[in-house]
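Here is the structure we will look at, set down as structure tokens.
The values are calculated or read from the model by the stated rules, or taken from the named source; none is laboratory data. Remember, it's a predicted structure, so these values are computed and weren't measured experimentally. Because the Cβ atoms are built from the backbone with ideal geometry, glycine has one as well, and the counts that use them run over all protein chains shown. SASA here: full protein model, heavy atoms, side chains in, ligands and nucleic acids out. Shrake-Rupley method; radii C 1.70, N 1.55, O 1.52, S 1.80 Å.
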Amino acid sequence: MSLTKAILDLRAILGKENVVTAKEDLLCYSFDATAGMPEHLPDVLVTPLSVKQVAEVVKVANRYKLPVYPRGSGTNLSGGTVPIRGGIVLSLLKMNKILEVDPENFVAIVQPGVIIQTLNTTVAAYGLIYPPDPGSMATATMGGSVAECSGGLRGLKYGVTRDYVMGLEVVLANGDVVRFGGKTVKNVTAYDMVRLFTGSEGTLGIITEIIVRLIPAPEARKTMLASFKDLTSAGNSILGIIQSKVIPATMEIMDRVTMETVENHAHVGLPTGAEAILLVEVDGIPEVVRREAATVRKVITRNGGTVKAAADDRERDQLWAARRAALPALAQKRPTTILEDATVPRSKITDMLLAIQDIGRRYKLTIGAFGHAGDGNLHPTILTDARDSEEMERVHQAVDEIFKAALAMGGTLSGEHGIGMAKARYLPWEFGEKGVQLLQKIKEALDPGCILNPGKLIPRGEGQV
Amino acid sequence: MSHYHDLSAVEEQITSCMRCGNCQAACPYYRETGSESSVARGRIRLARAVLTGELKYTPALAERFECLTCYACNATCPCGVKIDKVLLAARAAMVREGGTPALKKLMAIALKNQRLLDLGFKTTARAKGLFLKPHPAGGLSPRFPLGLELRRVVPPLSPKPFRGQVRESVPVPGAGKKVAFFTGCLNNYVYPSTSHAVVEALTKSNVSVLIPREQHCCGAPLVINGVIDVAEEMARSHVDLFSGLGIDALVVACGTCGESFKRKYVDLLDGAPGYANRARELAAKTYDIGDFVCNVAPFDRKRLREVAMKVTYHEPCHLGRGLGVTAEPVEIIRSIPGLDFIPLKEPNRCCGNAGSFSFTHYDVSYNILKRKLTDVAGTGAETVITGCGACRMQLEDGIAQEGLGKKVFHTAEILALALR
Ligand SMILES: Cc1cc2nc3c(=O)[nH]c(=O)nc-3n(C[C@H](O)[C@H](O)[C@H](O)COP(=O)(O)OP(=O)(O)OC[C@H]3O[C@@H](n4cnc5c(N)ncnc54)[C@H](O)[C@@H]3O)c2cc1C
Ligand code: SF4
Ligand code: SF4
């Protein structure tokens, strides 16, 4: 059996303890945080300790034609780590060292298994932050978040993961190790390979080292909760705030369905009865924060909203807890939670919110919408029951319509969760046939044997031309 | 049927896990292993597999359900999944399917038969010169491998257990309340000074104390390891013993024991004729000593003398997250004049002891302990106060091995000291 041989080879490279084949363990790697995805058992789980070992594992995979599924903490929301064709799950969790914090260049160098929060705690000692802050930052790895190009709650002002990745070390599909980028702010040497691999979802190479940019921590912040009687005033406020030249760190929205669910679930004192709420946080130099907070307040009041500012850290934490409770609360309401990630230009946020409401009505579905409103990145969340095939049929149609609506407004299929398995079939809608062919050519060039995360991102052919 | 008798009782808990992985950040066990099969998300999946028949009992599967039982995952789960119930139910299911493993069997016999345990401990105490050699830092280390790691420091056993040292009734004339004190194993056999302190703190708070000699292990180590039938017998015997005493309260000095009376007996005896109601009544009367002297029979603050000591407080998992007693021990510490209290960064992070888990997974347990000791060292405190004998044993082990030269006391001991 070639699998038996492959496992022996892997043991020789990694030692017995880092090669796991017990079904009791493998079952725990057959899924990730994505709801409604098929599960699949891997044949073996490996946990390399060095880039050399990663390269050796990839060579074994080539030798025995086994797929390789890179995995961080398995918190992605697009089925990205499900080993849908079996083979090897390659966990990067034991490559978890912060190799360097360079306070002179505002740079840190990390291994992929470092948890985002750990990096932030470490650089806080230097008065610095690593801004990308997905809701999962206490669990998600740097490798996984670079591979997904994760966004987060502060994306509006600070951008997303790709804006902070300066250099990468990558193990390619043939086991070669390459490095791109570095500590310099400027770098136009050849193609921008760093960006190619950032967001590549483990389909082009395995990231083994990451150089990231850091920025000074903001000195002050002010958090406000605004409630609105209708979606349009909430949407107008979002635009109004930015048009008055204030860019909040965070501008999160929750619609009525989400809010009521959160309130029922967590009793955090959200204003039920409102049609939408915004959670706005401005940060920076204290005087500027004061001025910006006043502007935000003015714009919201002008649009008929009411504002409540957090008086202290405890109240701020409460507001944030409410925001973080959004998804879990929605997930409790029905057995299946389909979370989407459609994103539109900011100016279209009201249209998109209304479109989602309309789609919910037409397909008789409960859809909660919340998300990073300032980025136009909404998370329409359909509450349903996978066991009800008639309802699921309507769910699929509604999802199709949500994507169509987003694309028609000049938006995109995914703002931050990635394509993975969940959205692969929609790719032609956004890229067109020629665009998808280009993606396939890139995949083919970098991974001709299609061993890296097969079944994800690229539809059907998966790179095999 | 409770979750101890039927895994399907936790089906709803299993389905409400949304697989977000948030529990990873809280789980001390996962932090050491990085394995999905040692964190709630993965193990809930395994429990589902047992429920659907996808996986059958194997020793390896049973082992996957073992952990610190520290409830940190429960506290962090955004979906409110009662993960402890899932794990305990799965462990019980494993024992039902696969029988009790040898080590656990031994433990079950010893714990069930109080006389045997007394004998066992006494024999060991008498024969300790043979098996144990004094450790330079105090305490004893085994001379021969006794199934534990060699480096583990075992505290000296009391030559005479606490319950053999005191009368069964310690009345206070004109007492406001009458309570029974459930000592628990460690406070009886290893730390009688804690038990003495509990009685002292209670009597000085105008409370009469009964210490029934027939009490025995609460059974928590068995429930935690899935050995339900024996635990159930022990629950019955305690309900019989304590229900008939006409007491206002049952006081414990250990979160784990407290949980047995407050929750486990109620579930174990759910629907048991003649027992279910009495178990519930007893549960409603059960208090940790810290809770009791703060909220029920308040200790006399004016009587507190100065105790000059730099201290910190470690919150036992089963006392804090288990019984919800978090503020009271700190309140006691803060009320004692002269105590310089420096909180830990993470007071409620597990110390790694977790009973028998620390024997079977010594390295993991010790690594978790080391993180706790780093936190302790960071405070500069010379004394660690805690509310649990098992935590104390663990902390003392690490302090001795790392040569930190710190002392550990139970909250009740510090209070008694200040009341003297
Ligand atoms: C509660 C919750 C909140 C979330 N909030 C946000 C949010 O606000 N914004 C957001 O963008 N996302 C969010 N996410 C999604 C998810 O947390 C992020 O995508 C996260 O960055 C994934 O990190 P991970 O370590 O879990 O990666 P994994 O899930 O393990 O992997 C993600 C992908 O990256 C690949 N991969 C992993 N490591 C490597 C590597 N070293 N080299 C190459 N490929 C690799 C995998 O194959 C997979 O395709 C959230 C998820 C949850 C559960
Ligand atoms: S935190 Fe709760 S819901 Fe999330 S994976 Fe863990 S057990 Fe499941
Ligand atoms: S009880 Fe503690 S050790 Fe066990 S799974 Fe939960 S957090 Fe981890």
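Residue by residue through the stretch B:1-20, note down the ones that are among the aliphatic types (A, V, I, L, M) and either open to solvent by 20 Å² or more (accessible area, probe 1.4 Å) or within 8 Å of ligand 2 (Cβ to nearest atom) (or both).
Filtering the stretch B:1-20 down to residues among the aliphatic types (A, V, I, L, M) leaves B:1, B:7, B:9-10, B:14, B:18.
B:M1, B:A9, B:M18 - these are the residues of the stretch B:1-20 that are among the aliphatic types (A, V, I, L, M) and either open to solvent by 20 Å² or more (accessible area, probe 1.4 Å) or within 8 Å of ligand 2 (Cβ to nearest atom) (or both).
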Report the residue count in the stretch A:54-89 for those that are assigned to a strand (DSSP E or B) and of a type in the set (K, R).
-> 1
Extreme residue, farthest from the other protein chains (Cβ to nearest Cβ), among residues of the stretch A:1-24 that are part of a helix (DSSP H, G or I) and among the small types (G, A, S) | A:S2
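Among B:S260, B:S193, B:S205, which is under 28 Å from B:K302 (Cα atoms), assigned to a helix (DSSP H, G or I) and either touching a residue at least 40 places away in the same chain (Cβ under 8 Å) or open to solvent by less than 10 Å² (accessible area, probe 1.4 Å) (or both)?
Of B:S260, B:S193, B:S205, the one residue that is under 28 Å from B:K302 (Cα atoms), assigned to a helix (DSSP H, G or I) and either touching a residue at least 40 places away in the same chain (Cβ under 8 Å) or open to solvent by less than 10 Å² (accessible area, probe 1.4 Å) (or both) is B:S193.
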Mind listing whichever residues of the stretch B:30-53 are away from ligand 2 (no atom under 11 Å from the Cβ) and facing chain A (nearest Cβ under 8 Å)?
-> B:G34, B:S35, B:S37, B:L46, B:A49
Please find, within the stretch B:54-67, the residue that is surrounded by the most Cβ atoms within 10 Å (Cβ to Cβ) out of those that are more than 9 Å from chain A (Cβ to nearest Cβ) and more than 16 Å from ligand 3 (Cβ to nearest atom).
-> B:Y57
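Among B:A75, B:A90, which is the only one that is at pLDDT below 95, under 12 Å from B:A40 (Cβ atoms) and assigned to a helix (DSSP H, G or I)? If you could, list the steps in order and put the result at the bottom.
On the way: B:A90 fails: at pLDDT below 95.
Just a single option satisfies the conditions, and that option is B:A75.
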Just checking, which of A:V194, A:V178, A:V212, A:V146 is touching a strand residue (DSSP E or B) at 6+ places or on another chain (Cβ under 8 Å) and surrounded by fewer than 17 Cβ atoms within 10 Å (Cβ to Cβ)?
-> A:V178
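Taking the options A:L45, A:L27, A:L77, A:L66, name whichever one is buried (at least 20 other Cβ atoms within 10 Å of the Cβ) and more than 13 Å from chain B (Cβ to nearest Cβ). I'd like the intermediate steps shown before the answer.
Working: A:L45 fails: more than 13 Å from chain B (Cβ to nearest Cβ); A:L27 fails: more than 13 Å from chain B (Cβ to nearest Cβ); A:L77 fails: more than 13 Å from chain B (Cβ to nearest Cβ).
The match here is A:L66.
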Go through the residues of the stretch A:152-168 one by one and say whether even a single one is closer than 17 Å to A:A445 by Cα and within 12 Å of ligand 1 (Cβ to nearest atom).
-> no
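Step by step: first the residues of the stretch B:35-53, then only those that are hydrophobic (A, V, I, L, M, F, W, C) and either more than 16 Å from ligand 1 (Cβ to nearest atom) or not assigned by TED's automatic domain parsing to the domain that holds B:L87 (or both), then the one that is surrounded by the most Cβ atoms within 10 Å (Cβ to Cβ). Which residue is that? It would help to see each step written out before you state the result.
So in the stretch B:35-53, the residues hydrophobic (A, V, I, L, M, F, W, C) come out as B:39-40, B:44, B:46-47, B:49-51.
Now restrict to residues that are either more than 16 Å from ligand 1 (Cβ to nearest atom) or not assigned by TED's automatic domain parsing to the domain that holds B:L87 (or both): B:46-47, B:49-51.
On the way: B:L46: 24, B:A47: 27, B:A49: 18, B:V50: 20, B:L51: 18.
Checking each candidate, the answer is B:A47.
Residues in the stretch B:244-258: is at least one over 18 Å from B:T286 (Cβ atoms) and among the charged types (D, E, K, R)?
Looking only at the stretch B:244-258, we keep the residues that are over 18 Å from B:T286 (Cβ atoms), and these are none.
No: the stretch B:244-258 contains no residue that is over 18 Å from B:T286 (Cβ atoms) and among the charged types (D, E, K, R).
Could you please find all residues in the stretch A:94-117 being within 16 Å of ligand 2 (Cβ to nearest atom) and of a type in the set (A, V, I, L, M)? Before you say what the answer is, go through the steps one by one.
Going through the stretch A:94-117, the residues within 16 Å of ligand 2 (Cβ to nearest atom) turn out to be A:115, A:117.
Once the filter is applied, which keeps residues that are within 16 Å of ligand 2 (Cβ to nearest atom) and of a type in the set (A, V, I, L, M), the stretch A:94-117 yields only A:I115.
Among the candidates A:V89, A:V82, A:V57, which residue alone is at negative phi and away from chain B (no Cβ under 12 Å)? Working first, answer last.
On the way: A:V89 fails: away from chain B (no Cβ under 12 Å); A:V82 fails: away from chain B (no Cβ under 12 Å).
When all the criteria are applied, what remains is A:V57.
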From the list B:C79, B:C23, B:C27, B:C70, which one is more than 14 Å from every other protein chain (Cβ to nearest Cβ), open to solvent by less than 30 Å² (accessible area, probe 1.4 Å) and touching a Cys at 6+ places or on another chain (Cβ under 8 Å)?
-> B:C70
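For B:V307, are the conditions met, namely being in a loop (DSSP other than H, G, I, E, B), in contact with a strand residue (DSSP E or B) (Cβ under 8 Å, 6 or more places away or on another chain), of a type in the set (V, I, T) and surrounded by 23 or more Cβ atoms within 10 Å (Cβ to Cβ)? Even if it seems obvious, please write down each step before you answer.
Working: in a loop (DSSP other than H, G, I, E, B): yes; in contact with a strand residue (DSSP E or B) (Cβ under 8 Å, 6 or more places away or on another chain): yes; of a type in the set (V, I, T): yes; surrounded by 23 or more Cβ atoms within 10 Å (Cβ to Cβ): no.
Criteria not met by B:V307.
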